[in-house]
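J.: Quick one: the structure is below, and I'll ask about it shortly.
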Amino acid sequence: MLPRLERSPDYPQPAFNGLAFAGRLAPAPGLHAGLENAGLPRHPMFMATELGQGPVGAQDRQKRHVIMKPNSFRPITSRSVTLRYFVEEDAPKVFAMSQEAGLRAWLPDQVYDCEAGARKVLRYLIEKYGDPATPSLAPYVLGVCCNGSQELIGHVGLSPLRGQVEVGYAIEQQHQGRGFASEAVKAMSEWAGTFFGLSRILGVVASDNVASCRVLQHAGFELTGESMGELHGRPGLVRTYERVH
């Protein structure tokens, strides 16, 4: 569910792409879309502080020293799902989700060989919550949990993509078809548009990944182009969507 992947040189393989198939930016735990996309939904409770000030835009962050405080983040709750930081204890579930047939079909390069591999990726993502703490420079990915049970069922995030930002997401197979992916992507996009000062967020998916295309459309993304390309090693038609904030 994710096309192009631009990974940071220090990013461990495979990328954190996931389970729902859309975009290229989610991690392998069932977070779909290459691990270059990581982000969060708009929420006033996620705090960034700069000398005692409140949230600032992405451009401001690159110009001035901003300290993001991970412990000040509060889970983002929507109608059916909650978005939260990943923790290393999520490794077993993330690894299990990466073994699902859907992820293997759409994101073959995002399947972990072992739980230790999933844990290594999680450590990388957790580190990025505090530095650089912006999807314009590195992945910013959150776990998606069901409200009530708080069971981890996937991921959603934003990542840098050729000077822009791309959304990535994935939902565990048994929880697909219930609107969770669209809800998570929409919440994250709205939050990131304001908090990170993003005027536009991209979504890149394989054209024949109908479910992922539908997720983006339901989350308010519009199709802007389609061309031949290669996504996660799969050649074919690739669609580009965008959501303007």
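Throughout, read-outs are computed from the coordinates displayed, never taken from laboratory work. From a predicted model like this one, the values you see are computed outputs, not experimental measurements. No Cβ is skipped: glycine too gets one built from the backbone with ideal geometry, and neighbour counts run over all protein chains shown.
J.: Give me the extension gain from residue 99 to residue 208: residue separation times 0.36 nm, minus the current Cα-Cα distance, reported in nm with one decimal.
T.: Full-extension gain reported as 37.1 nm.
J.: Quick one: check the C-alpha center-to-center distance for region 152-208 versus region 101-119, whole angstrom.
T.: If you average the Cα positions of each part, the centres end up 19 Å apart.
J.: Which of 224, 134, 82 has the fewest other C-beta atoms within 10 Å, and how do the rest follow up to the most?
T.: 224, 82, 134
J.: Sticking with this one: Multiplying the sequence separation of residue 178 and residue 123 by 0.36 nm and subtracting their Cα-Cα distance, what value in nm do you get?
T.: 16.8 nm
J.: What is the projected area of the convex hull of the Cα atoms of region 116-158, averaged over all directions, in nm²?
T.: Result: a mean projected hull area of 3.4 nm².
J.: Of all the Cα-Cα pairs you can form in region 142-193, what percent are over 14 Å apart?
T.: Counting pairs separated by more than 14 Å, the tail of P(r) holds 52 percent.
J.: Listing 228, 97 from the residue with the fewest other Cβ atoms within 10 Å to the one with the most, what is the order?
T.: Neighbour counts put them in this order, fewest first: 228, 97.
J.: Please give the length that would be gained between residue 131 and residue 151 if that part of the chain were fully extended, namely 0.36 nm times their separation in residues minus their C-alpha to C-alpha distance (nm, one decimal).
T.: Net length gain for the segment: 4.5 nm.
J.: A further question on this structure: So for 213, 146, fewest C-beta neighbours within 10 Å to most, what's the order?
T.: Ordered from fewest to most neighbouring Cβ atoms within 10 Å, 213, 146 come out as 146, 213.
J.: I've got another one for you. Tell me the GluC sites (Glu not before Pro) within region 205-245 that lie in a loop according to DSSP and have at most 13 other beta-carbon atoms within 10 Å.
T.: Answer in residue order: no site qualifies.
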